[in-house]
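Every read-out reported here was derived from the displayed coordinates using simple, explicitly stated rules and does not represent laboratory data. Keep in mind the model is a prediction, meaning the values are calculated, not measured. Positions of Cβ are backbone-derived with ideal geometry, glycine not excepted, and every protein chain shown enters the neighbour counts.
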Amino acid sequence: MFFGFLFTLIPLFIFSILTIVFLSIGNDTPEIDFELIKSKGKITNAKITGIEIQYNHSHNGVHPTIISYNYLEKGKEVNSKYKVLEENKIEELKIGDNIEIKTFNESSIIKDLKPYDFSIWFFLFIPIPFLIIGLPFLIYSIFNLKKELNLYKFGKIEKGKIISMMPKSGFGLFNIGQGIIVHYENEMKNGKKIIGESITSDFSIMSDKKKGDFVPIFVSTENEKKSCIIPKLQSLKNNWNIEFE
């Protein structure tokens, strides 16, 4: 249950963090259709009003640069920004310089400079493998938990004969999710003996019980093949009055 929950929670956490980070560095320049403006735009002059290098991220060791500029269109002053990743072509530029731009439908590009578009959506796919791994485990665990809850509510109390007990490793430094896997044998109404498997977090069973001893189990009244070990701690907490030998 914990493994599935963890690997489902991890991608949601990563997705949230990446979204916050990318929103903080994105949307700082207008969206444009570069090819359309390049082919249909008209050339005009603009004046550089700001040059900002973004040091919080880089591509192949080069930091993006945002060039702010203004120009006249239909008698009105228009302010715009343009992000580029061509430091060699812009290293001589400074605030106040005149540059050539192309304008079309109230959008513009700087002539002979390609815009830098940092695609964030690719990175948002990173958590998907964790989700693919975790969801099946989580679904399986939920079904198992539902089965055990039904046994707790409606199961009849019987005894199972221990066949084997094996420690189950936990996850991480704190061994979260560890327990004891117990295989046991119980007899159905028709006299046929079946083998059941159950995981318990009651580690005292390893010292209190041994192979061949009996433990109380819940058995489904609808399907005798469904059963689970009765958790001693839950029994004591809920006053089930079940005898543990």
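Computed quantities for the displayed model
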quantity	calculated
Estimated inter-spin distance, ASN144 and PHE244, nm [label 7 Å along Cα→Cβ]	2.0
Three-way shape call for the stretch 174-245 based on the alpha-carbon gyration tensor, with the a/c threshold at 1.5	prolate
Label-point gap, in nm, between ILE128 and LYS74 - each point 7 angstrom along Cα→Cβ	4.2
FRET efficiency, 1/(1 + (r/R0)^6) with R0 25 Å, evaluated for MET206 and ILE157 via beta carbons	0.65
For the stretch 66-114, diffusion coefficient by Stokes-Einstein and Kirkwood Rh (Cα), 20 °C, 1.002 mPa s, µm²/s	184
Extension gain from GLU35 to ASN190, taking 0.36 nm per residue of separation minus the Cα-Cα distance	48.0 nm
Cross-link pairs beyond the 18 Å C-alpha cut-off, checked among LYS38/LYS94; LYS193/LYS225; LYS146/LYS189; LYS76/LYS114	LYS38/LYS94; LYS146/LYS189; LYS76/LYS114
